[in-house]
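The structure appears below as structure tokens.
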Amino acid sequence: MLIISACLVGEKVRYDGCHCLHQSLKRLMEEEKAVAACPELMGGCSVPREPAEIIGGGGQDVLNGTARVLTKSGEDVTDMYLMGARLMLQKAQEVKADLVILKENSPSCGSSYIYNGEFTGKKVAGNGVTAALLKQHGFRVAAETDVRE
Ligand code: SF4
């Protein structure tokens, strides 16, 4: 069984109330080969919500307590991101996920790139909080950019 970021299968759960539909990932859902989940919603975030970025490092640093997740206006939302990551890990364990396909660049779901914490659109190599926790526990994680549409 696969787990896929909910926004990639057309659920309007992104911070801006939109989705980022990826057709072939949606097909996997329709074929019942995958389940969808959004760690930020699971952690208690609302839709829409203020954009947030990791300040002071990457997802692993957030897990270690040396970086935080802040919204653009400076609200500390680290605890919600950590909760979402833990619940995604629980889900991956429950469904015995072979692979988790996550939306690139997100402070939760990014698995190769995230925004650099300056809210300027610049990306750096790194993991979001959920991707970091899943990898730490041995789950295979890929990005939608690795899958042909
Ligand atoms: Fe998509 Fe992940 Fe952001 Fe949820 S947390 S909207 S699944 S990128």
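Suppose we filter the stretch 62-73 for residues that are out of contact with any Ser or Thr (no Cβ under 6 Å at 6 or more places or on another chain) and closer than 19 Å to Leu102 by Cα; how many remain? Full working, then the answer.
First, the residues of the stretch 62-73 that are out of contact with any Ser or Thr (no Cβ under 6 Å at 6 or more places or on another chain): 62-67, 70-73.
Those left that are additionally closer than 19 Å to Leu102 by Cα: 62-63.
Final tally of qualifying residues: 2.
Given the conditions (1) more than 10 Å from the ligand (Cβ to nearest atom); (2) buried (at least 18 other Cβ atoms within 10 Å of the Cβ); (3) touching a residue at least 12 places away in the same chain (Cβ under 8 Å), which single one is not true for Pro48?
In the conditions (1) more than 10 Å from the ligand (Cβ to nearest atom); (2) buried (at least 18 other Cβ atoms within 10 Å of the Cβ); (3) touching a residue at least 12 places away in the same chain (Cβ under 8 Å), Pro48 misses (2) alone.
If you take the residues of the stretch 51-101 that are open to solvent by less than 30 Å² (accessible area, probe 1.4 Å) and small (Gly, Ala, Ser), which of them is nearest to Gly128 (Cα to Cα)?
Top of the filtered list is Gly59.
Can you pull out every residue in the stretch 125-149 that is under 14 Å from Val62 (Cβ atoms) and open to solvent by 50 Å² or more (accessible area, probe 1.4 Å)?
Within the stretch 125-149, Lys135, Gln136 meet the criteria.
Can you pull out every residue in the stretch 1-25 that is among the small types (Gly, Ala, Ser) and either touching a residue at least 24 places away in the same chain (Cβ under 8 Å) or within 8 Å of the ligand (Cβ to nearest atom) (or both)? Break it down into steps so the answer makes sense when it comes.
Applying the first criterion (among the small types (Gly, Ala, Ser)) to the stretch 1-25 yields 5-6, 10, 17, 24.
Those that are among the small types (Gly, Ala, Ser) and either touching a residue at least 24 places away in the same chain (Cβ under 8 Å) or within 8 Å of the ligand (Cβ to nearest atom) (or both): Ser5, Ala6, Gly17, Ser24.
Looking at the stretch 86-107, can you tell me whether even one residue there is of a type in the set (S, T, N, Q), within 28 Å of Glu149 (Cβ to Cβ) and at pLDDT 95 or above?
Taking every residue of the stretch 86-107 in turn, at least one turns out to be of a type in the set (S, T, N, Q), within 28 Å of Glu149 (Cβ to Cβ) and at pLDDT 95 or above.
Being within 15 Å of the ligand (Cβ to nearest atom), over 15 Å from the mean Cα position of the chain (by Cα) and under 20 Å from Gly126 (Cα atoms) narrows it down to one residue among Thr66, Thr78, Thr71; which is it? Let's see the steps before the verdict.
Working: Thr66 fails: within 15 Å of the ligand (Cβ to nearest atom); Thr78 fails: over 15 Å from the mean Cα position of the chain (by Cα).
It is Thr71.
Got a sec? Which strands (runs of 3 or more DSSP E) wholly within the stretch 69-149 have at least 3 residues that are within 15 Å of Glu53 (Cα to Cα) and in contact with a Phe, Trp or Tyr (Cβ under 9 Å, 6 or more places away or on another chain)? Explain how you work it out, then say what you get.
Working: elements: 99-102, 113-115, 123-125, 141-143.
Correct list: 123-125.
Can you tell me which condition Glu11 does not meet? The list is (1) open to solvent by 60 Å² or more (accessible area, probe 1.4 Å); (2) not in a loop (DSSP other than H, G, I, E, B), and all the others hold.
Here Glu11 clears every test but (2).
With the condition kept exactly as written, say whether any residue in the stretch 102-121 is touching a His at 6+ places or on another chain (Cβ under 8 Å), closer than 13 Å to Ser5 by Cα and open to solvent by less than 30 Å² (accessible area, probe 1.4 Å).
Pass one, the stretch 102-121, residues touching a His at 6+ places or on another chain (Cβ under 8 Å): none.
No: the stretch 102-121 contains no residue that is touching a His at 6+ places or on another chain (Cβ under 8 Å), closer than 13 Å to Ser5 by Cα and open to solvent by less than 30 Å² (accessible area, probe 1.4 Å).
In the stretch 27-45, what residues are away from the ligand (no atom under 12 Å from the Cβ) and either of a type in the set (D, E, K, R) or open to solvent by 70 Å² or more (accessible area, probe 1.4 Å) (or both)?
Arg27, Glu30, Glu31, Glu32, Lys33
The values are calculated or read from the model by the stated rules, or taken from the named source; none is laboratory data. Nothing here was measured: the structure is a model prediction, and the numbers come from that model. All Cβ positions, even for glycine, are placed from backbone atoms using ideal geometry, and neighbour counts span all protein chains on display. These accessible areas exclude ligands, DNA and RNA; they are computed on the full protein's heavy atoms, side chains included. Shrake-Rupley method; radii C 1.70, N 1.55, O 1.52, S 1.80 Å.
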